[in-house]
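A.B. asks: Here you go, one structure.
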Amino acid sequence: MVSQESSQFLPLEAVEPLTSRPNRISHLVVQGKALDHAAIQSTINDCLLTDDVLEMQQAQLRQQQQDLQLCPLNLDLICPQFQN
């Protein structure tokens, strides 16, 4: 991944292994008055991935990584300007 010079997003230093839930904490802050805490929690829970769905997605990504390792990129076909 390449970030643009003026981008606030930086490339990842490392990628988590695609074998389980990531080992990082995410925070979500909800501010307001007279909020329905149970409804907010229920909505957030509905958006979370189940372990089965996460495993299915990670399996697809692992397969894509294997396919890329087995099939080297041929720049001659994609970018003729790189031909020798």
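The values are calculated or read from the model by the stated rules, or taken from the named source; none is laboratory data. Since this is a predicted model, take the numbers as computed values, not measurements. In case anyone asks, the SASA skips ligands and DNA or RNA and just uses the protein heavy atoms, side chains included. Shrake-Rupley method; radii C 1.70, N 1.55, O 1.52, S 1.80 Å.
A.B. asks: Which of the residues belonging to the range 66-84 are modelled with pLDDT of 65 or more and either closer than 21 Å to R21 by Cα or open to solvent by 90 Å² or more (accessible area, probe 1.4 Å) (or both)?
C.D. replies: Q66, L68, Q69, L70
A.B. asks: May I pose another question? If you take the residues in the range 12-65 that are among the hydroxyl-bearing types (S, T, Y) and in a loop (DSSP other than H, G, I, E, B), which one is modelled with the highest pLDDT?
C.D. replies: The extreme case among them is T50.
A.B. asks: Can you name the residue in the range 20-38 that is among the aliphatic types (A, V, I, L, M) and open to solvent by 100 Å² or more (accessible area, probe 1.4 Å) and, of all such residues, is nearest to M56 (Cα to Cα)?
C.D. replies: Within the range 20-38, the match that is nearest to M56 (Cα to Cα) is I25.
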